[in-house]
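Remarks on the structure that follows.
Where a number appears in this text, it was derived from the coordinates with a stated rule and is not lab data. In this text, all values refer to a predicted model and were calculated from it rather than measured experimentally. Heads up, the Cβs are rebuilt from the backbone with ideal geometry, glycines too, and the neighbour counts pull from every protein chain shown.
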């Protein structure tokens with residue numbers, strides 16, 4: 001049903017882009033109601049408007065906290081024009097019909113970012129006050145009310161839509177269709193939802209309540225071309241995108257896996273003992289990873305682990321990419337590269353391919369929980385934090401210093417493989433892995449076969465398992481392949497079988513007490 005706009009309520013924080021709107025409304029003879037700074041802005045353009053106080057008979061009070069929260073305002077928005085009782089009550093209480101609501105929200109997220117920035121010099125109490133004062137009350141209420149009553153009125157809740165509103169007013173002489181009003185209402189609810197989520201996340205930084213804020217990004221498609229994909233979130237807080245095409249659904253899934261993995265390691269160069277780590281991710285699994293003394297050496301070793309699977313992968317490292325590394329990486333096809341940074345020469349090399357996606361990791365994600373939709377609901381769990389809770393030597397001998405470093409590294413790698421998972425590591429290089437298998441022994445067979453495919457010598461290598469060994473078959477097969485040390489969480493009623501084999505054959509075994517299933 002077409003509705004003619006005869007009156008409008010305008011109360012906005014951002015005034016840029018508003019002038020063409022109010023001028024067109026004035027040309028159409030629309031009565032404009034407004035408040036405070038918006039009223040002054042409109043009047044300064046030479047256009048008359050009616051102060052809201054003249055309707056409510058109350059001035060703006062409590063430092064501006066209460067301006068529009070009044071039955072006359074909300075009655076004018078929520079009154080149903082086709083319900084005789086509503087119409088009679090509006091007439092009795094002298095409540096004017098409002099046909100257009102233009103309201104935006106206080107800049108909560110911008111203020112929060114300012115308070116967190118290094119440029120903010122105030123104390124915590126001042127920061128809290130500054131942030132909470134930007135929690136809008138009247139704005140969301142008016143937007144929700146107008147969106148709810150979209151059958152009778154139009155709501156515009158973002159300055160980005162001012163131009164569309166002007167075009168609509170010009171094209172339809174101030175009339176709107178129900179379909180148009182409903183589309184604007186849908187966007188309004190999304191804006192309020194995002195705003196409330198941002199506030200909830202501020203008051204609940206632990207992530208105990210599952211919320212995702214950020215923009216809605218329509219992806220080319222989902223996991224497969226026949227599936228629609230959408231991302232809700234704020235990638236800008238995590239990455240700077242320097243080059244390449246838009247990230248796809250599958251890119252984002254692999255990028256998340258890559259960031260989770262690299263977050264286990266300190267940034268390269270941050271102190272004595274820190275290693276350069278390079279990893280290659282394919283379908284969320286690590287197919288190559290190594291730690292070395294330089295980014296280039298780490299890349300070479302990671303690629304050598306499985307050069308076939310690296311094709312089309314997502315690459316990630318914990319340091320600055322230099323020109324030699326960039327030239328080496330450019331010899332293969334990859335989808336995404338994530339690094340702490342790039343020097344100018346490296347960037348010039350890497351930008352040689354138009355579609356290549358280059359990301360700088362600004363900060364590691366701070367979410368403390370993970371979620372997954374299943375059936376008609378959502379599963380939520382805490383992140384899998386840590387590598388081990390104990391280091392219990394249970395084998396036939398103590399681990400050597402080299403084995404201990406490799407076991408520590410292998411256990412992290414195994415944690416980021418799909419279960420059932422096995423990782424074979426030597427000199428902090430992944431030599432073979434088995435993942436997503438229905439039995440642990442199959443995962444080990446796959447790992448040994450993968451190592452053999454690329455001619456790796458497993459003598460002196462170590463083995464990590466994401467869960468306990470239910471039988472001693474894995475340690476037997478590992479021993480036959482050359483493995484000298486094992487790491488596993490323990491907890492099987494038959495732990496003693498694997499331990500006994502290690503004792504008998506002078507093999508090292510570490511029990512961690514921490515299982516790392518990843519489904």
Looks like region 238-361, by Cα gyration tensor root eigenvalues a ≥ b ≥ c and the a/c under 1.5 rounded cutoff (else prolate when a/b is bigger than b/c, oblate otherwise), is rounded
If the chain between residue 473 and residue 40 were fully extended at 0.36 nm per residue, the gain over the current Cα-Cα distance would be 147.8 nm
Quick note on 38, 56, 45, ordering by fewest other C-beta atoms within 10 Å, gives 45, 56, 38
For the chain the mean separation of alpha carbon contacts under 8 Å (6+ apart) over residue count, i.e. relative contact order in percent, is 9 percent
Counting only backbone N atoms under 19 Å from a point 7 Å out along Cα-to-Cβ of residue 171, the residues of region 1-24 in range are 1-5, 20-22, 24
Expected sort for 7-17, 428-438 on mean C-beta neighbours within 10 Å, highest first, is 428-438, 7-17
Taking Cα pairs closer than 8 Å and at least 6 residues apart, the relative contact order of region 392-511 in percent is 31 percent
The helix 138-148 Cα axis meets the longest alpha-carbon principal axis of the chain at an angle in degrees, between 0 and 90 and rounded to 10, of 80 degrees
re region 283-349: pairs of Cα atoms spaced beyond 20 Å account for a percent value of 18 percent
Rounded to 0.05, the calculated FRET efficiency for the beta carbons of residue 14 and residue 328 at R₀ = 56 Å is 0.70
Whole-Å distance linking the alpha carbon centroid of region 170-192 with that of region 39-107 is 19 Å
Most packed first (mean Cβ within 10 Å per residue), the peptides 336-344, 460-468, 130-138 order as 460-468, 336-344, 130-138
Zone reached by a paramagnetic label modelled 7 Å from residue 218 Cα along Cα→Cβ, restricted to region 224-251 with backbone N below 14 Å, covers 228-231
In this structure, the FRET efficiency calculated for residue 130 and residue 366 from their beta-carbon separation, with R0 = 25 Å, to the nearest 0.05, is 0.75
Note: residue 256 to residue 227 extended length (0.36 nm per residue) minus current alpha-carbon separation gives 8.4 nm
Over all Cα pairs of region 139-288, the Kirkwood radius sets Rh, and Rg/Rh then becomes 1.11
Taking region 3-203, the whole-percent share of alpha-carbon pairs separated by over 32 angstrom is 17 percent
On the formula 1/(1 + (r/R0)^6), with r taken between the Cβ atoms of residue 92 and residue 6 and R0 of 22 Å, the FRET efficiency rounded to 0.05 is 0.65
Two pseudo-spin positions, 7 Å from Cα along C-beta at residue 197 and at residue 397, lie apart in nanometres by 5.5 nm
Checking rank on 218-224, 395-401, with mean other Cβ inside 10 Å and highest first, the result is 395-401, 218-224
Candidates for volume of the Cα convex hull per residue in Å³ are [x] 226; [y] 144; [z] 200, and the calculated one carries label [z]
Computed curve, region 1-62, Cα-only Debye sum without solvent term, log₁₀ I(q)/I(0) at 0.23 Å⁻¹, is -0.96
Rounded to the nearest 5, the percent of DSSP beta bridges in region 392-511 running antiparallel is 60 percent
As a percent rounded to 5, the proportion of antiparallel DSSP bridges among beta bridges in the chain is 55 percent
